[in-house]
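Notes follow the structure.
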Amino acid sequence: SVFLSDSPGAMRFLLAFSGCAAVEVHASAGAGAYRAVGGSATSVLETQAASAQAVAACGAAEEAGECMSTKVLGVYACGWCALTATCHAVGSGFNACPIGCCASKAALSSCTKDLASITAQTCELLPVLTEPKNTTHYKERLAIRLANFAGATYCNKDSIAAWDCTPQCRHLRGVEDVWVISRPSANLVALIAWDPVVNRTVVAFRGTQMSSAKNWIGNIDFAHDNPFPEAPQVAVHGGFWRSWLEMRGEVILGIRDRLHRRGDHQVLVTGHSLGGAIAALCALELTREGFAVDELVTFGSPRVGNGAFNVALLQAVPNCWRVTHARDPVPHVPPRSVGFYHTAREIFYQYDPTDLTHVECDPSGEAAVCANRFGSRVMNSDDHMAYLGVPMASNQPCSWGRNSTVVALLFSGDEGEDEAPEPGRPC
């Protein structure tokens, strides 16, 4: 079986042979590097193949019992993290499951050998995930409003600044004091605006534009960073973190400016796709800077970090809502098998964008009955491009027909009814 653990400057692979031998291979030492710890040695290629087998086998286990009983090469290879309800190859540095929160029968594991031994006393962060912490209920009207803010970020900079992009801005009348943040070289856009309907400053981040190779490559890279020295167990996607850093200074400056001019108030943070991932990092960072983040609502967000990141975010921003839609493929990446874990709480819309029937999923972040029900089965990219009747693009043809009607009706009490555009013509 293969066990992964961190060592300074390198990830090392420990291969244990039924009590006969162990080989330590430093990945950074180059091909052919190995040393026998005891018994006979094996090659780097054999070790790496076995490590991949262990990662795959453990990642496929969805239940604690299945995880605890999984063997590779005849030896127990996996550990179950009760904190994240996920299975990983023992010692996976990215998962960073506290010892008091994990269980494993593997010989080299420091976790308890018995699942029943994991309690709130041994795993002090467990109640954060097992008990709902949201101080408010999911507010669909607010979610639709924030979906329009997220959709508006796809318009060009001038249209956002003038607040005349369609159809999103039409459903957000009265929005003022709009500040556009643009990083063309990194293909990143965000907006900060004052919304008088909710009396909040709203921060919204744009998602990935598939025409940008740089943006896309940054998204599929599974490398992670540990950005908080005081919380080294928190790991996040390196590309998402660097995207946030590109805009961090101006976002914080813009919020401070509005607090200075409008008095103390809370902040709403939102984003779609990559923008949803950046929004989660932004929300956590804003609380660390002393800002009051009322709610975080994301749409079609990928996984952002590991289980420890999820815990840190829930402790800082209790009202987190991660909206998913049908077979949208983006929420399924990066995979859990490499240590990524979704933030809670998921709100799952199973049907077409005009059907607002939804499920409020369990507080684990990785509910099996919501978006995860589809696993790696056929996905539909169209489900990524519309959320709650709102197109996540600029000048999107109104091929969904009733989308604008849904939004107009839900906000008719606040803003008056709008006529739905004819199907097929630009919104």
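The values are calculated or read from the model by the stated rules, or taken from the named source; none is laboratory data. Bear in mind that the values here come from a model prediction, so they are computed numbers and not experimental data. Reconstructed Cβ throughout: ideal geometry from the backbone, glycine too, with neighbour counts over all protein chains shown. SASA here: full protein model, heavy atoms, side chains in, ligands and nucleic acids out. Shrake-Rupley method; radii C 1.70, N 1.55, O 1.52, S 1.80 Å.
Taking K and R as +1 and D and E as -1, what net charge do the other residues with C-beta under 10 Å from the C-beta of Ala368 add up to?
Working: positive: Arg373; negative: Glu62, Glu63, Asp362, Glu366.
Cβ neighbours under 10 Å give a net charge of -3.
When the chain is fully extended, how far beyond the present Cα-Cα distance does Tyr351 get from Ser381, taking 0.36 nm per residue of separation?
Numbers: separation 30, 0.36 × 30 = 10.80 nm, distance 1.38 nm.
Here the segment from Tyr351 to Ser381 would lengthen by 9.4 nm.
For region 217-309, I need the span (max minus min coordinate) of the C-alpha atoms along each principal axis, in Å, sorted largest to smallest.
The principal-axis extents, from largest down, are 41, 30, 22 Å.
What nm value, rounded to one decimal, do you get for the distance between Asp114 and His137 when each label is placed 7 Å out toward the C-beta?
Taking the two extended label points, one gets 4.2 nm.
Applying a 10 Å radius around every beta-carbon, put 185-195, 290-300, 66-76 in order of their mean neighbour count, most first.
By packing density, highest mean first, the sequence is 290-300, 185-195, 66-76.
How far apart, in nm, are two points set 7 Å out from the Cα along the Cα-to-Cβ line at Leu259 and at Asn156?
Here the modelled spin labels are 3.5 nm apart.
Provide the per residue accessible area, probe 1.4 Å, for region 213-311, rounded to a whole number of square angstrom.
Working: 3450 Å² over 99 residues.
Ligands and nucleic acids excluded, the figure is 35 Å² per residue.
Explain nothing, just the number: relative contact order of region 270-365, from Cα pairs under 8 Å at least 6 residues apart, as a whole percent.
Normalised by residue count, the contact order of region 270-365 is 25 percent.
Taking the Cα atoms of region 277-398, what is the range of coordinates along each of the three principal axes, in descending order and whole Å?
Principal-axis extents of region 277-398 (Cα, largest first): 41, 34, 22 Å.
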